[in-house]
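We did not get these values from a lab; they are worked out from the coordinates using the rules stated. From a predicted model like this one, the values you see are computed outputs, not experimental measurements. Every residue, glycine as well, gets a Cβ built from its backbone with ideal geometry; the counts of neighbours run over all protein chains shown.
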Amino acid sequence: MAKVKTKWVCQNCGYETAKYIGKCPDCGAWGTLTEEVEVKNSQPLKSVVIDESPVCLINEIEITESIKLPTGFEELDRVLGGGLVQGSLVLLAGDPGIGKSTLVLQTAGNICAKGKKLLYVCAEESGSQVKLRAQRLNVNSDNLYVYSQTNLEAVITQINNIKPEILVIDSIQSIYTSNITSSSGSVSQIRECTNALMDMAKNKNITVIVIGHVTKEGNIAGPKVLEHMVDTVIYFEGDKYKSQRLLRSIKNRFGSTNEIGVFNMADSGLEEVTNPSELFMKERTDNATPGSVIIATNEGTRALLVEVQALVGATSYPSPRRVSTGVEFNRLLQIIAVLEKRIGINLSKHDVYVNVIGGIEIDEPAADLGIALAIATCFRDVVVDPDCVIIGEISLSGEIRNVSNLEKRIYEAQKLGFKKAIIPKLNKKLNGNFDIEIIQVPRLMNAISACCSKK
Ligand code: TYD
Ligand code: MG
């Protein structure tokens, strides 16, 4: 007889306990514990076996180059670190309706066109729904198998029949294994299914793409529980009401996690945006506005030009508001403190709002100077020359520090027709010839006087 056991599992972080508690002691979330009845087979479940290779000295190990399969989307390949690694498991996470199924189906079409066999398991939709979408996306191939199924064991049987090279699971929350009785989408189920899929990826050398919905709390499927198990985690982000989509990797065993991929959702599916700076600049009007500046940020191997806007106004709250979108909050507070102390801009009675246009998250200090100038110009009602791009980190003493990949950033600005770049004062020559006016500034004060003019 199989042994029946119940346990309470936090759907947010996977914490398990024998009794109900209102607040998860692990992640601190309230009311996230649900009771899961688990029927374990008397035989223990097989754990993931990667390889039965002997123990050996590091000097004796030969490196086998992993085979990377191009996905037909350069933007996706870059985020993956060159392509889909054979035998790896990739988790594609994102809000419901953001376009995950669309991206995967288009990618499947590209891969199948190269003669690879792919099995698309649609656990959320019927085969005809997938067919309709495929028609709209112009995806058609004799190598693309579609299977509308929610049971993992049935999927594994079909994998043994069809022997695909790539497997897509859409989505992990809708699939269940008969090994345990918890409902699909529960932490136990998604963990167990992912484990089995990981096992298969490694043993059968099948590349697996798993789609996971981000739940309200901002985690995948009650969540973070899958991230440590899989090889690569990529997030598909964007505003549902806008067509622009960003792909970013937060974990990658085969490449860098700094890269981003940019797509545009059109009527006929996702289109790659190979020059994202152009897209981010598109909505800009020619007239300069106080509080609007262009900065050059670095995302992985490329530079991106993005607009930062600030709004500064007299506050009607007891303590002034500081709101930042796309900029780390503490970074904003630090920049405000430097502006107050070093420039004498008193913001203690002003609300400050900072927004990065285009849904980009900036987490590098090279954006400091741009943010400071956006706030300062809005406060003083002056404008930054619209043809000028701003690059530099600000130290607490108000000095402008050098940033990484400076030349690449200037080059991107030049390419997009900017006439001027405000950069940190360098004690060496710039690497390369630029056809753009370059102004080196040692301090924040100099930067303000170098690029601001009356409206
Ligand atoms: P979908 O891939 O179903 O999202 P997810 O799998 O992440 O839940 O995408 C759904 C949205 O994408 C839907 O609101 C309509 C939009 N869309 C387009 O704009 N163009 C298209 O060609 C397709 C297929 C979808
Ligand atoms: Mg979907």
Protection proxy (average C-beta count within 10 Å per residue), highest first, orders 91-100, 55-64, 364-373, 436-445 as 364-373, 91-100, 436-445, 55-64
Listed with the fewest Cβ neighbours within 10 Å leading, Met229, Met198 appear as Met229, Met198
For the chain, share of DSSP beta bridges that run antiparallel, in % to the nearest 5: 55
Two pseudo-spin positions, 7 Å from Cα along C-beta at Lys429 and at Val55, lie apart in nanometres by 5.7
Note down the nm distance, to one decimal, between modelled labels 7 Å out along Cα→Cβ at Ile162 and at Glu361. 3.4
By the C-alpha gyration tensor axes a ≥ b ≥ c (rounded if a/c is under 1.5, else prolate when a/b exceeds b/c, else oblate), the shape of the stretch 65-274 is rounded
Can you figure out the FRET efficiency of Tyr317 with Arg401, using R₀ = 45 Å and their beta-carbon distance, to the nearest 0.05? 0.85
Once you put a point 7 Å from the Cα of Glu278 and another 7 Å from the Cα of Ser243, both along the Cβ direction, what distance in nm separates them? 1.4
Could you list, in their original order, any pairs among Lys163/Lys242; Lys116/Lys408; Lys204/Lys251 whose Cα atoms are separated by more than 28 Å? Lys163/Lys242; Lys116/Lys408
Here the stretch 257-269 yields Karplus 3J(HN,Hα) values (6.51, -1.76, 1.60; θ = phi - 60°; whole Hz; Gly and Pro given as x) of 9, 8, 6, 10, x, 10, 10, 10, 8, 10, 5, 9, x
Quick one: putting +1 on the C-beta of Lys and Arg, -1 on the C-beta of Asp and Glu, what dipole do you get for the chain around its Cα centre, in Debye to the nearest 20? 700
Computed helical MRE - 222 nm, the chain, DSSP H runs ≥ 4 contributing -39500 (n - 2.57), nearest 500: -7000 deg cm²/dmol
Give me the angle, in degrees from 0 to 90, between the Cα long axis of helix 368-380 and the longest principal axis of the Cα atoms of the chain, rounded to the nearest 10. 50
Once the Cα atoms of helix 406-415 and of the chain are each reduced to a long axis, what angle between those two axes, in degrees from 0 to 90 to the nearest 10, is obtained? 80
Can you tell me the 0 to 90 degree angle between the C-alpha axis of helix 187-204 and the longest principal axis of the chain, rounded to 10? 80
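Restricting the count to DSSP beta bridges whose residues both fall in the stretch 65-274, what percent are antiparallel, rounded to a multiple of 5?
The antiparallel proportion sits near 40 percent.
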Charge tally for neighbours of Gly261 with beta carbon under 13 Å away, counting Lys, Arg as +1 and Asp, Glu as -1, is -4
Along the charge dipole of the stretch 65-274, which of Ala266, Val85, Gln173 sits closest to the positive end, that is, farthest toward it, with unit charges on the beta carbon of Lys, Arg, Asp and Glu (+1, +1, -1, -1)? Val85
Setting aside same-chain residues fewer than 8 positions from Lys7, which aspartates and glutamates have a Cα under 13 Å from its Cα? Glu16, Glu35, Glu36, Glu38
